[in-house]
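These notes concern the structure reproduced below.
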């Protein structure tokens, strides 16, 4: 066995919370008709602090899901999952910490969001429950940065 102290990452996830959640449903009886489901994702770095012994960062991962039948929206889910992360200030530069916050933080929060939405929709009686697709976090970060440049 390998001692965990020898393989611990310099970037750690310390916790998460659901800071916003809303689900809206309509009773529509659909028998094997084509349903259009859209997924929109975004994220925001809420705060980064440089303390004496570590960096801390807070990140939000935002998910909006809409399911439509023809022109009627019969399911809408809005979820914001917030995560807290720390980084070893002796081994990471601030820019490296920010990059890890985006890449590793978004990966962790997207999977927590996936599990949360799957559980809540199953418990809400939605059949089948909603499963978030896997996302390309690299593309999400790239498109977010391109959008910010274009909006300046």
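Annotations for the structure displayed:
- Equivalent-ellipsoid semi-axes of segment 50-97, from the Cα gyration tensor, Å, largest first: 40, 9, 5
- Calculated over segment 10-146: convex hull of Cα atoms, volume per residue (Å³): 111 Å³
- For segment 81-138, the alpha-carbon coordinates run over 49, 20, 11 Å along the three principal axes, in decreasing order.
- Pairwise alpha-carbon distances in segment 44-124 exceed 14 Å for 66% of all pairs.
- Considering helices alone, the calculated mean residue ellipticity of the chain at 222 nm is -8000 deg cm²/dmol, with DSSP H runs of length four and up weighted by -39500 (n - 2.57) and normalised per residue.
Computed from the coordinates by the stated procedures, all read-outs in this text should not be read as laboratory data. Keep in mind that this is a model prediction, so the values were computed, not measured.
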